[in-house]
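The structure under discussion appears below in the form of structure tokens.
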Amino acid sequence: MSLLHLAIISPFLLAILVPIVYKLFKQIHTGWFVLPLPILLFSYFISYLSITSNQQSVTNSFSWIPSLGIDFTAKIDGLGLLFALLITGIGALVVLYSIYYLDKKKEKLNNFYVYLLLFMGAMLGVVLSDNLIVLYTFWELTSFSSFLLIGYWYHREKSRYGAQKSMIITVFGGLSMLGGIILLYLMTGTFSISEIIAQSDEIFSHSLFVPALLCILLGAFTKSAQFPFHIWLPDAMEAPTPVSAYLHSATMVKAGIYLIARMSPVFAEHSLWLWLIAGFGITTLFWGSFSAVKQTDLKAILAFSTVSQLGMIMSLLGIGAAALHFETVEDGYFTVATTAAVFHLINHATFKGSLFMVAGIVDHETGTRDIRKLGGLMNFMPITFTLAIIGTFAMAGLPPFNGFLSKEMFFTGMVRVLEMDIFNLDTWGFLFPVLAWVASVFTFIYSMIIVFKTFTGKFQPEQLEKKPHEAPIGMLISPIILASLVIIIGFFPNIISNTLISPAQAAIMPAEGYVYDTHISFWHGFTPELFMTLGVITLGILLFATLPKWKGVYGLFPEKLALNRFYDSGLSGIQQGAHGFTRWYMNGSIRNYLVYIFTFFIVILLSTLFIKNAFKFDASNVSAIKFSEIVLALVIAVASITILFVKSRLTSIILLGAVGYTVALFFVIFRAPDLALTQLVIETISVALFLLCFYHLPQIKDEERMPFKATNAVISIGVGLVVTLIAFSAHSNKLFDSISQYYIENTYEKAAGKNMVNVILVDFRGFDTMFEITVLAIAALGIFGMIKLRLGGGKKNENK
Amino acid sequence: MKTNDIILQTATKVVLFIIVLFSVYIFFAGHYTPGGGFVGGLLTSGAIILLLLAFDMKTVDKILPVNFMYMIATGLLFAIGTGAGGLLFNVPFLTHAFTDVDLPILGHLSLHTAALFDLGVFLVVVGVTMIIIKTIGEDD
């Protein structure tokens with residue numbers, strides 16, 4: 001385990017300490033204890049810059065489950081480092097911001113910071129793992145922590161709804177991604193991303209290649225809120241604002257983008273990859289920015305804006321893949337789209353992060369985020385206003401902010417699509433620059449709405465819950481830092497071009513023996529891009545000014561077709577369907593369930609025995625039956641049969657105990673002391689348990705005795721028959737050598753134990769034991785819940 | 001379940017400790033002779049159940065003010081923690097280690113991480129049995 005692994009795991013370790021610290025130091029805001037970690041990690045990752053800026057990478061590995069090819073391999077390269085810096089950097093700022101945002105007396109800070117740290121660790125794991133299974137595990141953990149954070153104010157119904165929605169959609173995609181990972185494993189025989197990339201040429205024509213591509217894309221699209229899966233992101237805004245700034249704009253939603261960038265070297269040569277990513281991306285870009293304009297909640301505007309910006313980065317990655325088909329990768333003519341994707345990813349994190357924090361400040365200081373109630377806050381919050389101007393202008397793509405540079409580059413990438421003549425791009429490709437331009441106009445409009453509807457116009461104090469004033473300085477530090485980055489990157493883009501952007505690009509499009517060199521310039525001359533930007537600004541201002549006149553457009557869209565309605569009715573339909581189906585066979589009678597289970601058991605096993613012709617009886621290798629064994633067998637038989645006829649429960653229990661103890665005696669005779677011991681104790685305890693249970697039941701009366709039922713008799717005899725047949729066959733068919741010889745030889749050698757049974761339990765098959773005790777624990781929780789909580793109202797535990 | 005059986009109660013007071021001691025012995029002996037965490041845990045819960053039958057739930061709660069839910073959680077943490085501990089030494093999950101030491105009074109000892117894992121099993125088994133029996137017993 002290396003320091004790099006420790007860095008990934010450290011948030012989890014701190015998460016364990018948070019509740020303790022919270023209990024011990026109630027007076028100090030828990031956030032102060034959390035804050036040092038992301039700062040420390042950030043500086044630690046900075047130290048890797050010197051390695052990755054030479055477009056090299058570092059790999060550290062340690063075995064986790066080597067027999068399945070699952071090793072915790074941490075790999076840090078340009079792309080991974082860029083994300084790691086975003087996660088820890090924005091993470092530190094968000095933690096700082098949250099200290100002022102969340103009240104230490106009213107909020108459950110222990111929960112909040114545990115979830116946040118869980119997320120931080122999981123996200124670092126996603127971007128720094130080279131093993132796909134490890135990546136997947138962390139990936140699901142980010143969905144899970146996002147669920148917890150969205151539902152942080154779980155007493156609100158909307159929070160719970162949003163949390164559930166995000167969970168269902170992202171986990172659905174995650175599972176499909178797992179399918180894709182397994183398909184990749186079937187093709188390549190490895191889970192390691194670098195090894196899969198090395199084999200990418202060989203698997204290109206494999207029949208599973210396209211299914212794997214589609215599965216992986218589905219995972220990425222759901223996570224990164226691409227149309228039509230974007231519907232979870234606006235509902236995720238129920239989370240506290242620091243969370244929205246962190247997870248739902250700067251980091252987690254970019255996991256999908258990360259995955260696509262990471263898997264690009266494997267899939268990018270396929271035309272589907274280009275068309276699907278670019279197509280979905282550009283649709284999302286357009287739809288997100290179009291929908292953002294009609295929102296009235298500040299955070300909802302930002303949410304749709306995030307959706308649209310994610311679509312923009314996505315489409316750039318898709319278009320960038322086309323560069324692989326031209327021999328001139330090196331001159332950067334077609335790779336500019338990928339450069340723009342990476343560049344905009346950084347820029348988006350800075351300006352959107354600061355805008356979310358601004359929205360949080362407005363909400364915190366006025367009590368509302370509704371732009372219909374807000375207005376004229378400029379005089380009360382001059383600093384916040386300035387920050388909002390910087391953020392929104394960067395988002396709208398205005399100079400001199402960083403958003404302008406990446407937007408220009410985005411236009412460049414889209415315009416160059418017109419010159420590509422592959423995969424039918426020469427026929428439909430013109431749609432890309434057109435849609436990009438239209439979407440940018442809407443982006444401009446909603447950016448202006450955010451800043452001008454909130455900070456200028458008529459001040460309406462009667463609509464606000466609190467008297468507005470400037471936020472405390474602690475809350476302003478984080479957005480100020482982000483806004484300064486917006487300006488610094490805007491003026492000096494080249495400080496990140498060869499330290500962050502080129503190394504990331506080298507990971508997305510590895511070119512043998514070629515070192516990427518990115519240079520971002522402010523002024524390109526009078527290019528089509530410049531005129532596109534000018535057009536955006538002119539039309540944007542015009543449309544923003546006449547917004548009330550054309551807003552009716554949004555009413556034209558039929559409400560019935562809205563994706564959210566589809567989601568809601570689908571969800572309730574599935575629930576009702578499942579409920580109805582379950583009602584049909586789960587009627588509450590345990591007897592019926594036993595009938596199902598045993599009938600299934602008999603049918604499956606008997607037919608297998610019959611079809612495989614597996615029944616065999618071989619008495620050649622058995623020892624003689626002793627008299628004592630016959631006696632014991634008779635005792636068991638007699639006791640079992642008597643149970644059927646006795647009238648008192650107590651007698652049944654005792655007889656059942658007699659059967660159990662006799663079985664224990666069998667174990668003694670067959671020299672299995674461990675089994676005998678366990679069987680004896682189990683028998684004793686279950687008799688006591690039965691006594692307790694039966695204490696609650698009424699006496700059996702004669703007329704209540706169950707009459708003889710033919711089906712039950714057939715089933716019970718059938719079960720006995722099947723077990724006997726299988727026992728004979730298992731003994732007689734020796735298909736492979738028994739494993740016992742291995743244990744006999746190795747128990748003392750490898751585990752230094754002499755009791756083979758116990759060594760198998762705790763060492764050789766320790767994993768089984770671990771899961772078994774987990775199952776036991778779950779069973780105990782289940783029983784506890786069933787009896788203590790009594791869901792289902794007046795029905796007392798009649799089915800036990 | 002109210003009982004007032006003086007013979008059972010007196011016997012329990014003596015037998016209880018013997019059973020518990022035996023269960024501890026069985027737990028530790030498990031690596032070399034029959035026994036182990038599972039049986040040990042069952043024996044201990046057997047002892048507690050005896051106490052429960054001889055006296056009543058209140059007495060048991062008074063003598064053993066333990067939250068068995070926590071006991072289950074602790075047990076699981078022991079098992080998983082032992083497994084995860086191996087990762088710190090760059091070996092796969094659930095790799096056990098052992099060593100032999102000679103101590104002044106106790107003499108020759110063989111220490112195993114497997115024993116920690118088994119302790120987890122022990123705790124979970126006691127916790128689960130007691131939770132089941134207590135919930136059903138307390139129910140009315």
**Residue within the stretch A:30-40 that is over 23 Å from A:V127 (Cβ atoms) and aromatic (F, W, Y) present** = yes
**Asked** Assuming A:P399 fulfils every condition listed in (1) closer than 16 Å to A:A483 by Cβ; (2) assigned to a helix (DSSP H, G or I) apart from one, which condition is it?
**Response** (2)
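For every residue, the table says whether it meets (1) modelled with pLDDT of 85 or more; (2) under 30 Å from A:A672 (Cα atoms); (3) among the acidic types (D, E).
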{"residue": "B:H31", "(1), (2), (3)": "no, yes, no"}
{"residue": "B:L42", "(1), (2), (3)": "yes, yes, no"}
{"residue": "B:L50", "(1), (2), (3)": "yes, yes, no"}
{"residue": "B:P65", "(1), (2), (3)": "yes, no, no"}
{"residue": "B:P92", "(1), (2), (3)": "no, no, no"}
{"residue": "B:F98", "(1), (2), (3)": "no, yes, no"}
**Message:** Of the residues A:I20, A:I70, A:I65, only one is within 14 Å of chain B (Cβ to nearest Cβ) and either without any contact (Cβ under 8 Å) to a residue 40 or more places away in the chain or under 30 Å from A:I501 (Cβ atoms) (or both); which?
**Reply:** A:I65
**Fill in**
Flagged pairs (Cβ under 6 angstrom, 6 or more apart or on separate chains; first in the stretch A:729-751, within 14 Å of another protein chain (Cβ to nearest Cβ) and in contact (Cβ under 8 Å) with a residue 12 or more places away in the chain; second outside any helix (DSSP H, G or I) and surrounded by 12 or more Cβ atoms within 10 Å (Cβ to Cβ)) are A:T747/A:G753
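One line per residue, one yes/no per condition, for (1) touching a Gly at 6+ places or on another chain (Cβ under 6 Å); (2) of a type in the set (A, V, I, L, M); (3) surrounded by fewer than 21 Cβ atoms within 10 Å (Cβ to Cβ):
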| site | (1), (2), (3) |
| --- | --- |
| A:N110 | no, no, yes |
| A:V126 | no, yes, no |
| A:T137 | no, no, yes |
| A:S166 | no, no, no |
| A:F172 | no, no, yes |
| A:L183 | no, yes, no |
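Could you grab me the full set of residues in the stretch A:38-60 that are surrounded by 18 or more Cβ atoms within 10 Å (Cβ to Cβ) and either assigned to a helix (DSSP H, G or I) or without any contact (Cβ under 8 Å) to a residue 24 or more places away in the chain (or both)?
Residues satisfying the conditions are A:P38, A:L41, A:F42, A:F45, A:T52.
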**Complete:** For the stretch A:195-217, the count of residues that are surrounded by fewer than 22 Cβ atoms within 10 Å (Cβ to Cβ), aliphatic (A, V, I, L, M) and either part of a helix (DSSP H, G or I) or in contact with a Cys (Cβ under 9 Å, 6 or more places away or on another chain) (or both) equals 6
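Given the residues A:A752, A:A777, which is the only one that is on the phi > 0 side of the Ramachandran plot, out of contact with any Asp or Glu (no Cβ under 6 Å at 6 or more places or on another chain), surrounded by 12 or more Cβ atoms within 10 Å (Cβ to Cβ) and not assigned by TED's automatic domain parsing to the domain that holds A:L644?
Going through A:A752, A:A777 in turn, just one is on the phi > 0 side of the Ramachandran plot, out of contact with any Asp or Glu (no Cβ under 6 Å at 6 or more places or on another chain), surrounded by 12 or more Cβ atoms within 10 Å (Cβ to Cβ) and not assigned by TED's automatic domain parsing to the domain that holds A:L644: A:A752.
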**Prompt:** Has the stretch A:463-481 got any residue that is of a type in the set (D, E) and under 26 Å from A:L377 (Cβ atoms)?
**Reply:** yes
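Yes or no, residue by residue, for (1) exposed (fewer than 14 other Cβ atoms within 10 Å of the Cβ); (2) more than 9 Å from chain A (Cβ to nearest Cβ); (3) not aliphatic (A, V, I, L, M):
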| position | (1), (2), (3) |
| --- | --- |
| B:Y70 | yes, yes, yes |
| B:G83 | no, no, yes |
| B:L103 | yes, yes, no |
| B:T135 | no, no, yes |
**Prompt:** Among (1) free of Cβ contacts under 8 Å to residues at least 12 places away in the same chain; (2) more than 10 Å from chain A (Cβ to nearest Cβ), which single condition is B:V126 missing?
**Reply:** (1)
**Message:** Condition first: in a helix (DSSP H, G or I) and under 17 Å from A:Y100 (Cα atoms). Now tell me which residues in the stretch A:423-481 satisfy that.
**Reply:** A:I473, A:G474, A:M475, A:L476, A:I477, A:S478, A:P479, A:I480, A:I481
**Request:** For the stretch A:760-782, enumerate the residues that are in a helix (DSSP H, G or I), among the charged types (D, E, K, R) and facing chain B (nearest Cβ under 10 Å).
**Result:** A:D763, A:E772
**Prompt:** Just a yes or no: is a residue in the stretch A:326-342 surrounded by fewer than 24 Cβ atoms within 10 Å (Cβ to Cβ) and touching a Leu at 6+ places or on another chain (Cβ under 8 Å)?
**Reply:** no
**Prompt:** Within the stretch A:474-497, is even one residue more than 30 Å from A:V95 (Cα to Cα) and at pLDDT below 85?
**Reply:** no
**Complete:** Flagged in the stretch B:2-33 as under 17 Å from B:F117 (Cα atoms) and within 13 Å of chain A (Cβ to nearest Cβ), in numbering order, are B:S23, B:Y25, B:I26, B:F27, B:F28, B:A29, B:G30, B:H31, B:Y32
**Request:** Give the residues of the stretch A:482-494 that are buried (at least 18 other Cβ atoms within 10 Å of the Cβ) and outside any loop (DSSP other than H, G, I, E, B), sorted by residue number.
**Result:** A:L482, A:A483, A:L485, A:V486, A:I489, A:G490
**Asked** Quick one: would you say A:V757 is assigned to a helix (DSSP H, G or I), away from chain B (no Cβ under 14 Å) and aliphatic (A, V, I, L, M)?
**Response** no
**Item:** Among (1) at the interface with chain A (Cβ under 7 Å from one of its Cβ atoms); (2) within 14 Å of the chain's Cα centre (by Cα) - the single one B:L88 does not satisfy
**Value:** (2)
**Message:** Six or more apart or on different chains, Cβ atoms under 7 Å: show the pairs whose first residue is in the stretch A:670-696 and facing another protein chain (nearest Cβ under 7 Å) and whose second is of a type in the set (S, T, Y).
**Reply:** A:I685/B:S45; A:I685/B:T129
**Item:** Check on A:M706, surrounded by 15 or more Cβ atoms within 10 Å (Cβ to Cβ) and modelled with pLDDT under 85
**Value:** no
**Message:** I'm checking my understanding of the structure. Among residues of the stretch A:287-304 that are closer than 19 Å to A:P240 by Cβ and part of a helix (DSSP H, G or I), which one is nearest to the chain's Cα centre (by Cα)?
**Reply:** A:A303
**Complete:** Scanning the stretch A:569-587 residue by residue, those of a type in the set (A, V, I, L, M, F, W, C) and outside any helix (DSSP H, G or I) turn out to be A:M586
**Complete:** Those residues of the stretch A:707-720 which are over 47 Å from the mean Cα position of the chain (by Cα) and part of a helix (DSSP H, G or I) amount to A:A710, A:T711, A:A713, A:V714, A:I717
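Looking only at the stretch A:230-286, which residues are polar (S, T, N, Q) and either assigned to a helix (DSSP H, G or I) or at pLDDT 90 or above (or both)?
Within the stretch A:230-286, A:T241, A:S244, A:S249, A:S264, A:S271, A:T283, A:T284 meet the criteria.
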**Request:** Say whether the condition of being out of contact with any Pro (no Cβ under 9 Å at 6 or more places or on another chain), modelled with pLDDT under 80 and crowded, with 20+ Cβ neighbours inside 10 Å is met by at least one residue in the stretch A:458-471.
**Result:** no
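Does at least one position in the stretch A:359-373 carry a residue that is over 20 Å from A:L500 (Cβ atoms), under 30 Å from the mean Cα position of the chain (by Cα) and small (G, A, S)? Steps first, answer last, please.
First, the residues of the stretch A:359-373 that are over 20 Å from A:L500 (Cβ atoms): A:359-373.
Right, trim to under 30 Å from the mean Cα position of the chain (by Cα) and you get A:359-361, A:363-364, A:369.
Adding the requirement that they be small (G, A, S) leaves A:359-360.
For the stretch A:359-373, residues over 20 Å from A:L500 (Cβ atoms), under 30 Å from the mean Cα position of the chain (by Cα) and small (G, A, S): present.
The values are calculated or read from the model by the stated rules, or taken from the named source; none is laboratory data. From a predicted model like this one, the values you see are computed outputs, not experimental measurements. Every residue, glycine among them, receives a Cβ derived from its backbone with ideal geometry; neighbour counts consider all protein chains shown.
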